[in-house]
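As C-alpha coordinates, the structure follows; a few thoughts come after it.
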Amino acid sequence: MSAEEKRTPAVWPFQSTAAAYGACQCSEDIRDGDVLVIEDEKVVGIAWTWPFALTEDFNELHVTTANPRTYQGGIFAAGVDRAEQIAKERGWRIITPLDLVTARAFFAMHPRVGEPVGYKGRISETGRGRKWDGWLLAGTAGYMELDSSGYLKFVNEWSPLTEPKER
(Lines give C-alpha, C1' and ligand atoms only; values in the text may rest on other atoms or scores of the structure.)
Protein backbone atom coordinates (compact mmCIF):
# COMPACT_ATOMS: atom_id res chain seq x y z
CA MET A 1 0.00 0.00 0.00
CA SER A 2 1.15 3.48 -0.80
CA ALA A 3 1.23 6.28 1.76
CA GLU A 4 -1.88 7.77 0.11
CA GLU A 5 -3.84 4.54 0.57
CA LYS A 6 -2.89 4.38 4.27
CA ARG A 7 -3.77 8.04 4.89
CA THR A 8 -6.62 8.65 7.30
CA PRO A 9 -9.26 10.70 5.52
CA ALA A 10 -9.79 14.22 6.84
CA VAL A 11 -13.28 15.36 7.85
CA TRP A 12 -14.35 18.73 6.44
CA PRO A 13 -17.41 20.61 7.77
CA PHE A 14 -19.36 22.88 5.40
CA GLN A 15 -22.36 25.21 5.61
CA SER A 16 -23.89 23.84 2.39
CA THR A 17 -23.45 21.14 -0.22
CA ALA A 18 -22.74 23.88 -2.77
CA ALA A 19 -19.84 25.12 -0.63
CA ALA A 20 -18.55 21.55 -0.21
CA TYR A 21 -18.70 20.96 -3.96
CA GLY A 22 -16.85 24.19 -4.68
CA ALA A 23 -14.17 23.42 -2.12
CA CYS A 24 -13.54 20.01 -3.72
CA GLN A 25 -12.93 21.80 -7.00
CA CYS A 26 -10.67 24.55 -5.64
CA SER A 27 -8.92 23.54 -2.43
CA GLU A 28 -5.66 21.63 -2.67
CA ASP A 29 -6.03 20.66 1.01
CA ILE A 30 -9.07 18.47 0.34
CA ARG A 31 -8.01 15.09 -1.00
CA ASP A 32 -9.93 12.39 -2.84
CA GLY A 33 -11.65 10.23 -0.24
CA ASP A 34 -11.90 12.89 2.47
CA VAL A 35 -15.25 13.17 4.24
CA LEU A 36 -17.61 16.11 3.71
CA VAL A 37 -20.12 16.89 6.48
CA ILE A 38 -22.95 19.35 5.91
CA GLU A 39 -24.89 19.51 9.20
CA ASP A 40 -27.62 21.92 8.09
CA GLU A 41 -28.56 19.71 5.13
CA LYS A 42 -27.99 16.35 6.90
CA VAL A 43 -25.57 15.26 4.20
CA VAL A 44 -22.35 13.32 4.44
CA GLY A 45 -20.27 12.75 1.34
CA ILE A 46 -16.91 11.89 -0.13
CA ALA A 47 -14.53 14.37 -1.75
CA TRP A 48 -13.53 13.74 -5.34
CA THR A 49 -13.57 15.58 -8.65
CA TRP A 50 -17.33 14.86 -8.59
CA PRO A 51 -17.99 14.74 -4.84
CA PHE A 52 -20.79 12.34 -3.98
CA ALA A 53 -23.14 11.91 -1.04
CA LEU A 54 -23.73 8.68 0.84
CA THR A 55 -26.86 9.93 2.60
CA GLU A 56 -30.46 9.87 1.41
CA ASP A 57 -30.32 13.66 1.03
CA PHE A 58 -27.56 14.88 -1.27
CA ASN A 59 -28.65 18.29 -2.63
CA GLU A 60 -25.75 19.72 -4.72
CA LEU A 61 -23.47 16.66 -4.46
CA HIS A 62 -23.54 13.78 -6.92
CA VAL A 63 -24.86 10.29 -6.25
CA THR A 64 -23.18 7.08 -7.27
CA THR A 65 -24.67 3.75 -8.23
CA ALA A 66 -21.25 2.13 -7.94
CA ASN A 67 -20.08 0.57 -4.70
CA PRO A 68 -18.06 3.44 -3.18
CA ARG A 69 -15.82 1.01 -1.26
CA THR A 70 -14.56 -0.68 -4.42
CA TYR A 71 -15.02 2.07 -7.00
CA GLN A 72 -11.82 3.58 -8.46
CA GLY A 73 -9.72 0.78 -7.01
CA GLY A 74 -10.99 1.29 -3.46
CA ILE A 75 -9.53 4.79 -2.92
CA PHE A 76 -12.70 5.89 -1.10
CA ALA A 77 -13.06 2.89 1.25
CA ALA A 78 -11.56 4.49 4.39
CA GLY A 79 -13.55 7.68 3.80
CA VAL A 80 -16.77 5.71 3.32
CA ASP A 81 -16.19 3.90 6.62
CA ARG A 82 -15.66 7.20 8.45
CA ALA A 83 -18.58 8.91 6.67
CA GLU A 84 -20.95 6.08 7.54
CA GLN A 85 -19.86 6.29 11.19
CA ILE A 86 -20.53 10.06 11.22
CA ALA A 87 -23.95 9.60 9.59
CA LYS A 88 -24.89 6.86 12.06
CA GLU A 89 -23.89 9.05 15.02
CA ARG A 90 -26.24 11.77 13.71
CA GLY A 91 -29.09 9.46 12.74
CA TRP A 92 -28.78 10.26 9.02
CA ARG A 93 -29.81 7.52 6.62
CA ILE A 94 -27.15 6.03 4.31
CA ILE A 95 -28.31 4.62 0.99
CA THR A 96 -26.62 1.32 0.22
CA PRO A 97 -25.61 0.98 -3.44
CA LEU A 98 -27.45 -1.58 -5.51
CA ASP A 99 -25.20 -4.29 -6.87
CA LEU A 100 -25.65 -6.37 -9.99
CA VAL A 101 -26.25 -9.57 -7.98
CA THR A 102 -29.21 -7.97 -6.21
CA ALA A 103 -30.55 -6.56 -9.49
CA ARG A 104 -30.37 -10.00 -11.11
CA ALA A 105 -32.21 -11.54 -8.14
CA PHE A 106 -35.11 -9.11 -8.62
CA PHE A 107 -35.18 -9.80 -12.37
CA ALA A 108 -35.26 -13.55 -11.71
CA MET A 109 -38.46 -13.05 -9.70
CA HIS A 110 -40.01 -11.10 -12.61
CA PRO A 111 -38.87 -12.84 -15.82
CA ARG A 112 -41.25 -10.82 -18.04
CA VAL A 113 -38.94 -7.78 -17.73
CA GLY A 114 -36.05 -9.69 -19.30
CA GLU A 115 -32.39 -9.41 -18.35
CA PRO A 116 -30.96 -6.43 -16.45
CA VAL A 117 -29.30 -3.86 -18.67
CA GLY A 118 -28.77 -1.07 -16.16
CA TYR A 119 -29.96 0.71 -13.07
CA LYS A 120 -29.79 4.13 -11.50
CA GLY A 121 -30.90 5.93 -8.39
CA ARG A 122 -34.29 7.64 -8.56
CA ILE A 123 -34.23 11.23 -7.41
CA SER A 124 -37.03 13.35 -6.03
CA GLU A 125 -37.23 17.04 -5.20
CA THR A 126 -38.14 17.95 -1.63
CA GLY A 127 -38.53 21.22 0.21
CA ARG A 128 -34.94 20.82 1.42
CA GLY A 129 -33.38 19.81 -1.89
CA ARG A 130 -32.90 16.55 -3.74
CA LYS A 131 -32.89 13.06 -2.25
CA TRP A 132 -32.72 9.45 -3.32
CA ASP A 133 -36.08 7.77 -3.20
CA GLY A 134 -35.23 4.41 -4.74
CA TRP A 135 -33.85 2.59 -7.75
CA LEU A 136 -34.95 2.23 -11.35
CA LEU A 137 -33.83 -1.09 -12.88
CA ALA A 138 -34.02 -1.33 -16.67
CA GLY A 139 -34.36 -4.68 -18.38
CA THR A 140 -34.45 -5.88 -21.97
CA ALA A 141 -38.28 -6.20 -21.88
CA GLY A 142 -39.37 -3.93 -19.03
CA TYR A 143 -38.37 -2.17 -15.87
CA MET A 144 -38.96 -2.16 -12.14
CA GLU A 145 -38.69 0.32 -9.33
CA LEU A 146 -37.42 -0.38 -5.84
CA ASP A 147 -37.79 1.95 -2.90
CA SER A 148 -34.68 3.20 -1.11
CA SER A 149 -34.84 0.24 1.28
CA GLY A 150 -34.79 -2.22 -1.63
CA TYR A 151 -38.49 -3.17 -1.56
CA LEU A 152 -40.30 -3.65 -4.86
CA LYS A 153 -42.62 -0.75 -5.75
CA PHE A 154 -43.55 -1.29 -9.39
CA VAL A 155 -42.95 -3.62 -12.36
CA ASN A 156 -43.85 -2.87 -15.97
CA GLU A 157 -43.16 -4.32 -19.39
CA TRP A 158 -42.01 -2.08 -22.25
CA SER A 159 -44.84 -1.18 -24.57
CA PRO A 160 -44.29 -1.50 -28.33
CA LEU A 161 -44.55 1.66 -30.40
CA THR A 162 -48.08 2.10 -31.71
CA GLU A 163 -47.21 4.72 -34.30
CA PRO A 164 -44.78 3.97 -37.14
CA LYS A 165 -41.59 6.00 -37.02
CA GLU A 166 -41.69 9.02 -39.32
CA ARG A 167 -38.96 9.21 -41.95
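The values are calculated or read from the model by the stated rules, or taken from the named source; none is laboratory data. All figures in this text were calculated on a predicted structure; none of them were measured in a lab. We place every Cβ from the backbone using ideal geometry, glycine too, and count neighbours over all the protein chains shown. These accessible areas exclude ligands, DNA and RNA; they are computed on the full protein's heavy atoms, side chains included. Shrake-Rupley method; radii C 1.70, N 1.55, O 1.52, S 1.80 Å.
Here's the yes/no breakdown for (1) under 30 Å from Cys24 (Cβ atoms); (2) among the acidic types (Asp, Glu):
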residue	(1), (2)
Gly74	yes, no
Gly91	yes, no
Pro111	no, no
Glu115	no, yes
Ala141	no, no
Glu145	no, yes
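Being under 15 Å from the mean Cα position of the chain (by Cα) and in contact (Cβ under 8 Å) with a residue 40 or more places away in the chain is a property that does not hold for Glu41.
Of Val80, Val101, Val117, Val37, all but one fail to be in contact with a Leu (Cβ under 8 Å, 6 or more places away or on another chain), outside any loop (DSSP other than H, G, I, E, B) and of a type in the set (Val, Ile, Thr); the exception is Val80.
Any residue in segment 110-127 that is closer than 23 Å to Ala66 by Cβ and free of Cβ contacts under 8 Å to residues at least 40 places away in the same chain sitting within a Cβ distance under 8 Å of a residue that is open to solvent by 60 Å² or more (accessible area, probe 1.4 Å) and of a type outside the set (Val, Ile, Thr)? List the pairs, counting only those 6 or more apart or interchain. So the pair list comes out as Pro116/Leu100; Pro116/Arg104; Ser124/Arg130. Just name the residue that is least open to solvent (accessible area, probe 1.4 Å) out of those in segment 115-153 that are at pLDDT below 85 and over 27 Å from Glu60 (Cα atoms). In this case the residue turns out to be Pro116. Scan segment 43-73 for residues that are at positive phi and surrounded by fewer than 21 Cβ atoms within 10 Å (Cβ to Cβ) and the total you get is 2. Can you go through Ile86, Ile38, Ile30 and tell me which one is touching a helix residue (DSSP H, G or I) at 6+ places or on another chain (Cβ under 7 Å), under 26 Å from Ser149 (Cβ atoms) and hydrophobic (A, V, I, L, M, F, W, C)? Answer to the check: Ile38.
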